[in-house]
Each structure stands twice: as structure tokens, then as C-alpha cells.
Amino acid sequence: MKKDFLSILDVPREQAHNLVKRALWMKMNDFRSGILQGKTMILLFEKASTRTKVSFEVSINHLGGHHVFMTPADSQLGRSEPLRDTARVLSRYAQGLVVRTYGQENLEELAAHGSIPVINALSDEFHPCQVMSDLLTIYERTPRFEELKISWVGDGNNMAQSWINAAVHFPFRLTLAVPRGFEPRKDVLNRAKDLGARVHLTHDPREAVDGANYINTDVWASMGHEHEQASRARAFAGFCVNDELLKWAHSDARVLHCLPAHRGEEISEEVMEGERSIVWDQAENRLHMQKAVLEWIYKE
């Protein structure tokens, strides 16, 4: 039975914890293997990428595999070939799909009609590889998740929704501060609460970071919403993670940002480059977590 990774909730809770531990072990041991020997992964990207593209390419290489990079511009997807047809054909050529797309429904259609594993490398709804990597970044510093308060400050976007999913599997307290009108999906939030996640939603950034151990943020206008940049900048006034906001956090709180960052908007230059920032370790950990995810999917 093939394993798809479309959201964090596709991974059983115990396995999610094991992935974090395994990724840390891989990082500490500069892990290589041949688990993807003879296998080809297709990276199908509708959206531009730096960290996701390079970290997946290197991960596949470290595990002995090969990759083919595709965009709609250099494939028949640019001429509106149905996704179900693409899934059936690519399943005859390769052993896996890593997909960076807009709608989550695109991933679901590829997974439903293809016979090879599909990994969500980002959609408008979820970014599971990034948040699993962020959990690794936290775990290597403070492994007892149940003692932590993690905050999200910004848009209720794919990152926020993946953090909500993560709170189902990991016992930290999660508080999200978003402007009114930019909340995460109600069904995602309600499902997490029904499954026991300790999640709280507020519109006050100070409440979100009060006593927080880790503070997360992201750009105010994600890919596809760039035309809303000016209106969002007005709506998100007061939501910048800066030194003033960090006064409310735990004294040794650390700051994460999935990048790219707009310094001076969602995060200040001083915080981004300061001693509280762990964004560069966070970016590196994409490599190690994705190796762990690939190993889990292809290990017999």
C-alpha cells in the first residue's frame, strides 16, 4: 500500500514523533543511504521555490535516487492536460511525485489516480514538510513538547494550518494571533480541537506571544496573494515580530520564519538577524526532515 504525505495528519501520531527523532539522528550522522537506488522522483512545481526545491533534490541524491524537475511551462499541464491523466502517465515512469501547487485538491487528485506516492511540497492549504522540519528545529533544543508554548503571529495560511495539524500529534500549547478576516479554516481548527489539540485563536499578538517559548511568523501575502500586499499591510499593522513584541515572550524565546522574509513587515531586521533567530537552522532542517519522510515512505 502506497503512502501519501499530503498533510501531517497522514502520518500516524507515533510515526510523526519517530520522524522527528530519525531526522535528528540523520542530521547528527550526515546520513546517506541507497533506499532510493534505482528510483526516480518527479518534482512537479507550479510555484517558485528555493529551499523546497534544493532540499528535496539533495535529499533524493543523499538517498541514492534521481529526480526530474517539471513545471507547467515545460509540460502538458501548461496546456490543461487533466491531472488524472498526468498522474496515470507519470506513475508508469517514476516512483514518486513531490508536488508544489496551489489547490490541495490537485494533490488529492494526483494521489487518487496515480499509483505512486505523492508528497505535498506546499499547497495553499498545508505545508507539512516545512512544519515537520520546524518541529525538528524545536526538538533539538527542547525535546519535551508538552512543556512548550508555541505561538503563531500572522496570516492564517497554509503554515498556520499545518501548525494546527501538528498540535494534534504533538502535545505543545499552540496560540495563533491573526487579524480579523484572516483566520485559518474553521474545519481545520475544529477538527484539531476535537482530536485533543491544545489550540487557541486570538486577534492579539501580545496574547499569542505571552510566555511563548517559540514564535513563528510568515509573509503577510503568500504566493498567489501578492496583489493584496497593500491591503494586507494595513490589516496586519501591529503583527510584526519585533523587539517590542518579544518583550512579552519567555526570556529565552526563539523565533522561526519559514522564509523568504520581508524584513520590516512580518519580522524586523533586528529580530531576523538577532540571537533569538533560529531561521537558518530551520532552513537547513528541511534537508534532514525530508530525508526522514522519504525513508519512511519507501522503507519496506
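What the table shows:
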read-out	value
Residue-count net charge about residue 155 - beta-carbon cut-off 14 Å; Lys, Arg +1, Asp, Glu -1	-4
Tilt relative to the chain, helix 51-62 - C-alpha long axis, 0 to 90 degrees, to 10	50 degrees
For the chain, built as a Gaussian network whose Cα springs stay under 10 Å, the top-fluctuating residue of 150, 35, 164	35
Whole-Å distance, taken between Cα centres, linking region 2-32 and region 134-154	16 Å
Proximal lysines to residue 27, defined as alpha-carbon separation beneath 20 angstrom and excluding residues fewer than eight positions away on the same chain	53, 291, 299
Relative contact order (%) - criterion: Cα under 8 Å, at least six apart; region: region 101-212	23 percent
Average Cα contact separation per residue, region 142-277, under 8 Å, 6 or more apart, as relative contact order %	26 percent
Degrees separating the helix 83-93 axis from the principal Cα axis of the chain, which is the longest one	60 degrees
All aspartates and glutamates inside 15 Å of residue 39 as judged from Cα atoms, apart from same-chain residues fewer than 8 positions distant	57, 295, 300
Centre separation in Å (Cα based) which lies between region 215-271 and region 50-71	29 Å
Residues 47, 21 arranged by fewest to most Cβ contacts within 10 Å	21, 47
Dipole magnitude (debye, nearest 20) for the chain, charges at Cβ of Lys, Arg, Asp, Glu	840 debye
Residues of type lysines that residue 247 reaches as a straight line, Cα spacing below 27 Å, ignoring anything fewer than 8 places off in the same chain	149
Rg [Å, one decimal], Dmax [Å, integer] - region 142-277, C-alpha atoms	14.0, 41
Rounded if a/c under 1.5, otherwise prolate or oblate - region 187-260, Cα gyration tensor axes	oblate
Helix axis angle, 158-169 relative to the chain longest principal axis, alpha carbon, degrees	90 degrees
Residue 252-residue 75 pseudo-label distance in nm [points 7 Å out on the Cα-to-Cβ vector]	4.6 nm
Rg and Dmax of the chain, Cα atoms only, in Å	18.7, 55
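A short reminder: the numbers here are calculations on the coordinates, not readings from a lab. Just so we're clear, the structure is a prediction, and the values are computed from it rather than from any experiment. Quick reminder, even Gly has a Cβ in these numbers, built from the backbone with ideal geometry, and neighbours come from all protein chains shown.
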